[in-house]
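The values are calculated or read from the model by the stated rules, or taken from the named source; none is laboratory data. These numbers come from a predicted model, not from an experiment. Using ideal geometry, Cβ is built from the backbone for each residue, glycine included, and neighbour counts are taken over all protein chains shown.
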Amino acid sequence: MTLRTRFAPSPTGYLHIGGARTALYSWLHARKHNGQFVLRIEDTDRERSTQASVDAIIEGMDWLGLDYDEGPIFQTERFDRYAEVIDQMLEQGTAYRCYCTRDELDAVREAQRANKEKPRYNGKCRDRKDTPEGLDSVIRFKNPLEGDVIIDDLIKGQIVINNRELDDLIIARTDGTPTYNFTVVVDDLDMEMTHIIRGDDHINNTPRQINMITALGKDVPKYAHAPMILGDDGKRLSKRHGAVGVMQYRDDGYFPQAVLNYLLRLGWSHEDQEIFSREEMIELFKIENVNGAASTFNTKKLIWVNEQYIKTLPVAEIAEHLQWHLDDQGLTIVEGDDFPTLHDVIEAHRDRAKTLKELAAGIRYYYQDFESYDENAAKKHFKTATPAILQNLLDKFSQIEDWNAQNIETEIKNTCEELELGMGKVGPALRVAVTGTAMSPSLEVTLDLIGKKRSLARLEKAVEFATAKYA
């Protein structure tokens, strides 16, 4: 039998980071065993489900590279199938109609609470034979009254739930629409799921679903419940901890590979290895090795992982992901005619940026002239002596015929010697003059990439500015 897993989000919001990790675990388990991975959209909550959420989920999956073999499959397109199975269960006696009113159910639960009992349906209609007139009915699953449900969880270990802890779950509302636990069972069986990997907030649902699967005479799939992700304060991850939609991580400048890598390590490890290629993820991942305890989300660690990708990925791949940020920041790359290639600029800056967003912002001065200098940098490095220093550099740079890093470095050193100044007096002023900021790669590399024509023009402008300001 082919191993099959699924990711089944509800389209009531974006694809959040916890859901993305669940999808990753399911995807890896399928890929590792040459199985199949299915995307199912559980959209039976019509009031809260939106097309925008569906689009956000699919966009997030695509950005992360979690390709699926089937789907997206929508539950709202399967209502006829759910009705068919409900009729089958009513006929077999594993489900029944319940005519209890809301007032009756509330009264039962109030009495149970008063007796310090667990609120639950009391089974009044379980063996009812009559059909009351004028009353709407829900349909309930006839849960076993005795015995235990044993879940051999691949992550949590064995979990035992006594059937006395479970009541007769509603599987269809009065208007005939099916409920979550029931549709999940039908879908998982029809789609021949062999492994159900999901968050441990579903553990309470699992014994109910197993009982329904058994009642339908089918084999129970294997379950793995991944622990929740916590914020650094020990509380469940939320927006205030940075739990945003997956696509926000793209907008913030993270590589999809970095997000996947971080999520993989958020509850799973392989010796001391921190960075994994996609191939290594598939080869080394074992669902049984996922930690059963909750994990803590650490943004600093995610940034560190992202930095490793900026430093090590092929430049062409970085450029591909960087393009979205260049477009977002309105920076058009024009190569040639005194402008450097984007690949050369990335190579010069890859050790200085933590995110793609930061990288895009940091390379603007290679392709656009700046209107003003960083105020703090200019105040610190443009002093009374600066115009003379910059003019000396301008004169020497003008004489360079072969504009390259080595010749530029030589002339910078010559200026330092001629003016009897240390590099700490010359370099920062030069950097602000040609980049507008106090940060850049080495000066010789920076000026080489900016090009002779624009470097000289910016030095002339800086001499005028510093003279007017400080002379």
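Points to keep in mind about this one:
- Considering residues of region 119-167 that are touching a His at 6+ places or on another chain (Cβ under 8 Å) and charged (D, E, K, R) only, the residue nearest to Thr214 (Cα to Cα): Asp153
- Subset of region 294-331 (residues that are within 18 Å of Gly267 (Cα to Cα) and surrounded by fewer than 12 Cβ atoms within 10 Å (Cβ to Cβ)): Lys300
- Glu358 falls short on exactly one of the conditions (1) of a type outside the set (Ser, Thr, Tyr); (2) modelled with pLDDT under 95; (3) not assigned by TED's automatic domain parsing to the domain that holds Leu449, and that condition is (2).
- Residue, surrounded by the fewest Cβ atoms within 10 Å (Cβ to Cβ), within region 224-261, restricted to residues that are acidic (Asp, Glu) and at pLDDT below 95: Asp233
- Some residue of region 136-151 being under 30 Å from the mean Cα position of the chain (by Cα), under 21 Å from Arg4 (Cα atoms) and either in a helix (DSSP H, G or I) or assigned by TED's automatic domain parsing to the domain that holds Thr101 (or both): yes
- Evaluated against (1) touching a helix residue (DSSP H, G or I) at 6+ places or on another chain (Cβ under 7 Å); (2) touching a residue at least 60 places away in the same chain (Cβ under 8 Å); (3) closer than 24 Å to Pro119 by Cα, Ile161 falls short on exactly one condition, (2).
- Residues located in region 32-64, provided they are outside any helix (DSSP H, G or I) and touching a Phe, Trp or Tyr at 6+ places or on another chain (Cβ under 9 Å): Gln36, Phe37, Val38, Leu39, Arg40, Ile41, Glu42, Asp43, Thr44, Asp45
- If the condition is being on the phi > 0 side of the Ramachandran plot and either touching a residue at least 12 places away in the same chain (Cβ under 8 Å) or touching a Lys or Arg at 6+ places or on another chain (Cβ under 8 Å) (or both), then region 262-286 contributes only Gly267.
- Odd one out for Val334 among (1) closer than 22 Å to Met439 by Cα; (2) surrounded by fewer than 16 Cβ atoms within 10 Å (Cβ to Cβ); (3) of a type in the set (A, V, I, L, M): (1)
- Filter pass, Phe382 being surrounded by 17 or more Cβ atoms within 10 Å (Cβ to Cβ), at pLDDT 95 or above and under 30 Å from Val463 (Cβ atoms): no
- Check on Lys396, basic (Lys, Arg) and surrounded by 15 or more Cβ atoms within 10 Å (Cβ to Cβ): yes
- Of the residues making up region 170-209, those that are surrounded by 16 or more Cβ atoms within 10 Å (Cβ to Cβ) and of a type in the set (Asp, Glu) are Asp187, Asp188, Asp200.
- Residue list for region 431-451, filter: farther than 14 Å from Tyr365 by Cα and not small (Gly, Ala, Ser): Glu444
- One residue alone among Ala172, Ala111 is among the hydrophobic types (A, V, I, L, M, F, W, C) and either in contact with an Asp or Glu (Cβ under 7 Å, 6 or more places away or on another chain) or without any contact (Cβ under 8 Å) to a residue 40 or more places away in the chain (or both), and that residue is Ala111.
- Residue in region 402-425 that is assigned to a loop (DSSP other than H, G, I, E, B), free of Cβ contacts under 8 Å to residues at least 40 places away in the same chain and not acidic (Asp, Glu) present: yes
- Selection from region 275-311 of residues that are part of a loop (DSSP other than H, G, I, E, B), at pLDDT below 95 and either hydroxyl-bearing (Ser, Thr, Tyr) or under 26 Å from Leu322 (Cβ atoms) (or both): Phe297, Asn298
- In region 124-140, the residues that are over 12 Å from Ile170 (Cβ atoms) form Cβ pairs under 9 Å with partners that are among the acidic types (Asp, Glu) and part of a loop (DSSP other than H, G, I, E, B), at six or more places apart or across chains, as follows: Arg126/Asp168; Asp136/Asp175.
- Subset of region 262-293 [basic (Lys, Arg) and either surrounded by fewer than 16 Cβ atoms within 10 Å (Cβ to Cβ) or in contact with a Gly (Cβ under 8 Å, 6 or more places away or on another chain) (or both)]: Arg278, Lys286
- Asn181 free of Cβ contacts under 8 Å to residues at least 12 places away in the same chain and under 28 Å from Leu237 (Cβ atoms): no
- Residue under evaluation Ile17, criteria (1) crowded, with 22+ Cβ neighbours inside 10 Å; (2) at pLDDT 95 or above, criterion not met: (2)
- Which listed residue, of Gly267, Gly234, Gly253, is of a type in the set (Gly, Ala, Ser), over 23 Å from Gly60 (Cβ atoms) and in a loop (DSSP other than H, G, I, E, B): Gly234
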